[in-house]
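Just below is one structure, and these are the notes that go with it.
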Amino acid sequence: MSTSAVTPTTTYSGVVRPGAPRSTRVWRILGRLLTYAVLLIWAFICLFPIYWTITTSVKPNTAVIQGPTYLPYWDYEPTSLGWDAVTQGSQGEIFVRNFKNSLIISLSSSTLAVILGAMAGYGLARFNYKFGPFRNKDISFWFLSQLILPPVAIIMPLLILYRRLNLIDTHIGLILLYTVANLPIVVWIMRDQFNSIPSDLEQASVVDGSTYFGAFGRIVLPIAMPGLVAAFILALIFSWNEYFFAAILSRTNAITVPYMVAAQVSSQGVQWWTMAAISTAAIVPLIVIGVFLERYIVKGLTAGAVK
Amino acid sequence: MASQDVSTQPVNPIPAKPTGWSPSLKFQRRIFLLPAVVITLLFVIFPTVFGVYVSFTDWRLNAVDGRSFSGLDNFRRMWDDARFWNALRNNLIFVFIGIPFQYVIALIMAVLVNQNIRGRKFFRVAFLLPFMLSPVAAGWMIGRSIFDARWGPIANILDDYFGIEWSFYEDGRHAIFALILLSAWYSIPFIFVMLLAGLQAMPPEIFEAARIDGATAWQQFRDMTWPLLLPVSLTAIVLRMVFEFKLIDIILVVTGGGPGNDTETLTAYIYREGYQSLNVGYGTAMAEVFLFTIIVIMTLFLYLTQRWIRDVN
C-alpha cells in the first residue's frame with residue numbers, strides 16, 4: 001500500500017476513495033496487516049495437518065521417534081519405507097483392493113444418488129404432487145428430514161436385514177446404503193437447481209409430443225450440469241469418507257479406505273510412516289477435487305440457503 | 001434451509017397439457033419421484049420402524065433361544081444407566097460448546113475473506129480443504145499424530161518453549177477439549193462457506209450508505225452485517241447441530257471413548273452395546289430415545305431462534 005496521500009486507498013468493501021487523514025490511514029494499514037496475519041494463521045492451521053501427514057509418510061523411523069521433525073532434507077532424509085510397507089507384498093494387495101473398493105462404492109453410489117435425486121428433484125420442482133395430505137412441500141421436507149436421523153438408529157435393524165438378504169460385506173450393500181444416505185442433499189440441490197431454470201423449453205417440447213423423460217433428458221439435464229456436478233461431488237465426498245456403516249456392514253471383501261485407516265490406528269499405533277501413507281492415500285484424491293472444483297462444492301453446500 | 005424456504009409450489013411449473021389430460025402423463029410424473037421414495041422407504045423408514053419393535057425386545061445376536069418381547073425393560077434399564085446419561089451429556093457438550101466455538105471462528109474468517117484482499121482464491125480453497133477430508137483420517141492426522149504427547153509437535157513445542165507439560169488424553173476434560181478442537185477443524189469450513197455466501201449475497205449499497213453516514217466498521221458489522229446474516233447463520237448452525245449429534249468417527253479412532261467413558265458419545269455407546277456386545281435390543285432402544293431427543297432439541301431450537309429472529313428484526 002502506498003504512503004502517498006493522493007494515492008487512492010482501498011477500503012472495507014473495495015470502494016476507492018481519495019486520501020484519508022493520516023491517522024486513519026495508519027489504522028487502516030494496521031488493520032490490513034492484522035487481517036492478513038489472522039488469515040495466514042488460519043490457513044496454516046487448515047493446511048499444516050495435511051503437510052504433516054504427507055511428509056510423515058516419507059519420514060524414516062528415527063525422524064519420528066526423536067520428536068517432531070518438519071522439513072525434508074533439512075531435518076531428515078526422506079525414505080519410501082512407509083509407502084513400501086503399504087504398497088508391496090500381501091499388505092499391498094489388501095491396500096490396492098480396499099482402495100478399489102472405495103473407488104467402486106463411492107463412484108457408483110454417487111452416480112446412483114445423482115440419477116435418482118435429479119429425477120426426484122425435477123419432479124418436485126416442476127409438478128404438483130398430491131399423495132393423500134402430502135404435497136410437494138411435505139415431500140421435500142420429508143427427504144431433507146432424513147438428515148436428522150442418526151445412523152445408529154437404523155444400523156442394528158439394517159444389520160439384521162442385511163444378514164437376511166446376504167448383503168453383508170458386499171459392494172452392492174454399501175452402494176445402496178450410501179445412495180440413500182446421499183439422497184436428501186442431492187434432492188435438495190437438484191430441486192434448487194431446477195427451480196432456477198425456466199420451464200419454457202420443456203413445455204414447448206412436451207406440447208410438441210415429447211415425453212417428460214425426453215424433455216428432462218435432452219433439454220433440462222444439460223442446462224442443470226452445474227447442479228449435477230455439485231451434487232455428485234458432495235455425494236462423492238460423503239461416500240468416500242464414510243466410516244460407520246462400512247465398519248459394521250463389511251468384513252473383508254468390501255472394506256473401504258476409512259475402515260482401513262481406523263483399523264490401522266488401533267493395530268499399528270507406533271508405525272507412523274505407514275499410517276501416514278494410508279492416510280495420504282485417503283485424503284489426496286479429495287484434496288485434488290477440492291482444489292480444482294471448489295466452486296461446485298460451494299454451490300452444493302449453499303444450495304437453497306442463500307437467496 | 002431447513003425451515004425458511006421450502007417453497008410450497010414449483011417456481012416454474014409445467015402445466016398439464018391443455019388438450020386432454022392423459023393418465024400416462026400422470027404416471028410419468030410419478031415415475032420421477034418413485035425410485036427415490038421407494039429406496040428411502042426400504043433403507044431408512046423400514047429400519048426405523050422395525051427398530052421401534054426391536055427396542056421392545058431383549059434381542060441379542062448371539063442368543064440361542066431367539067428373542068422375546070420385554071416390554072419397557074430396556075427403557076427402565078436406560079433410566080438407571082449412568083453410562084447412558086454420561087454419553088448423552090457428552091453429546092450435548094459437543095453440540096452446545098463445540099458449535100458456538102466453530103461459529104465464532106467461521107464468522108471471523110468469512111468476514112475477513114469477504115474484504116477486498118489479495119489471494120482470496122487461495123484462502124477460500126485452503127479454508128475449505130479440511131471439510132473434504134475423512135474424519136477418520138483427520139482423527140489420525142491430528143488426534144493421534146499432531147496431538148501425540150511424545151512425538152507430536154504441539155506437546156513438544158509447549159514443553160520446549162513454554163515449559164508446559166500438556167497431555168491431550170490424560171484426563172477426560174483434556175480429551176474432550178482435544179476432540180472439540182478436532183471436530184472444529186473439519187467442521188468450520190462448512191459454516192465458513194455458508195457465511196461467506198451469505199455475506200456475498202448482501203447488497204453493497206447499504207454499506208455504502210452507512211459509511212457515508214459515518215458508521216465505523218464495527219457499527220456496520222453489529223447493526224447490519226450480523227443481523228442480515230442471521231438467517232444463514234441459523235441454517236448453518238442447525239445443519240451443524242444435526243451432524244454434530246451423530247459424532248462418532250473421531251471418537252472411535254482417537255480416544256475410543258476413553259479415558260474411562262469420559263469422551264463416549266451416545267452413538268459410540270450404542271455402537272459398542274449393539275455391535276460389540278451384540279445386545280441389539282438395548283442398543284436400538286437407546287438409539288430410538290436418542291433420535292427422539294434430537295428431534296425434540298432441534299424443534300425447540302428452531303422454535304426459539306425463529307421467535308428470536310422475529311424479535312430482532
### Query
So what's chain A giving for Cα Rg divided by 2.2 N^0.38 Å, two decimals?
1.32
### Message
Please compute the Kirkwood hydrodynamic radius of the protein assembly as shown from all pairs of different C-alpha atoms, in Å with one decimal.
### Response
26.5
### Summary
Residues other than A:TRP52 with Cβ under 15 Å of its Cβ, Lys/Arg counted +1 and Asp/Glu -1, net out at 0
### Task
Using amide H atoms built 1.01 Å from N in the peptide plane, name the residues 5+ places from B:THR57, or on other chains, whose amide H lies under 5 Å from its own.
B:SER70
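Given a Förster distance of 25 angstrom, what is the FRET efficiency for B:GLU208 paired with A:THR24, based on the Cβ-Cβ distance and rounded to 0.05?
Values: r = 18 Å, r/R0 = 0.71.
After rounding, the FRET efficiency stands at 0.90.
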### Summary
Which of A:ILE287, A:ILE160, A:ILE237 fluctuates most in a GNM of chain A (C-alpha springs under 10 Å)? That residue is A:ILE160
### Summary
Within the set B:ARG89, B:ARG118, B:ARG150, GNM on chain B using Cα springs under 10 Å gives the largest fluctuation to B:ARG118
### Task
State, to one decimal in nm, how far the label point of B:TRP166 lies from the label point of B:ARG67, with both points 7 Å from Cα in the Cβ direction.
4.7
### Query
Taking the simple approach of a point 7 Å from Cα along Cα-to-Cβ for both B:ILE31 and A:TYR73, what is their distance in nm?
6.2
### Query
Between B:ILE157, B:LEU199, A:MET225, whose Cα lies farthest towards the positive end of the dipole of the protein assembly as shown when Lys and Arg beta carbons carry +1 and Asp and Glu beta carbons carry -1, centred on the Cα centre?
A:MET225
### Estimated 222 nm signal from helices in the protein assembly as shown, with DSSP H stretches of n ≥ 4 weighted -39500 (n - 2.57), rounded to 500
-21000 deg cm²/dmol
### Message
Counting other beta carbons within 10 Å of each residue's own, what order do B:LYS121, A:LYS299, A:LYS137 fall into, fewest first?
### Response
B:LYS121, A:LYS137, A:LYS299
### Task
Could you go through the stretch A:162-177 in sequence order and give the Karplus-derived ³J(HN,Hα) for each residue, using 6.51 cos²θ - 1.76 cosθ + 1.60 with θ = phi - 60°, rounded to whole Hz, and x for Gly and Pro?
5, 4, 4, 8, 6, 9, 4, 6, 10, 4, 4, x, 6, 4, 4, 5
### Task
Choose one answer from B:LEU230, B:LEU199, B:LEU72: the residue with the largest mean-square fluctuation in a GNM of chain B with alpha-carbon springs under 10 Å.
B:LEU72
### Message
Need one number: the % of Cα-Cα pairs in chain B sitting beyond the 33 Å mark.
### Response
45
### Query
From the backbone phi of the stretch B:126-140, what are the Karplus-calculated ³J(HN,Hα) couplings (6.51 cos²θ - 1.76 cosθ + 1.60, θ = phi - 60°) in whole Hz, Gly and Pro given as x?
4, 6, 7, 3, x, 4, 6, 8, 5, x, 5, 5, 4, x, 6
### Task
Report the net charge of residues surrounding B:ARG272, where surrounding means a beta-carbon distance below 11 angstrom and charges are Lys +1, Arg +1, Asp -1, Glu -1.
-1
### Task
Mind checking the stretch A:26-121 for chymotrypsin sites (Phe, Trp or Tyr not before Pro) that DSSP puts in a loop (not H, G, I, E or B) and that have at most 15 other Cβ atoms within 10 Å?
A:TYR70, A:TYR73, A:TRP74
#### Entry: Lysine pair number, Cα distance threshold 25 Å (strictly under), the protein assembly as shown, separation 8 or more or different chains
11
### Message
Modelling each spin label as a point 7 Å along the Cα-to-Cβ direction, I'd like the A:SER210/A:MET225 distance in nm, to one decimal.
### Response
1.7
### Net charge contributed by nearby residues that have their C-beta within less than 14 Å of B:VAL312 (K/R +1, D/E -1)
+1
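Quick note: the coordinates plus some simple rules give every number you see, no bench work behind them. In this text, all values refer to a predicted model and were calculated from it rather than measured experimentally. Ideal geometry is used to build each Cβ from the backbone, glycine not excepted, and the neighbour counts take in all protein chains shown.
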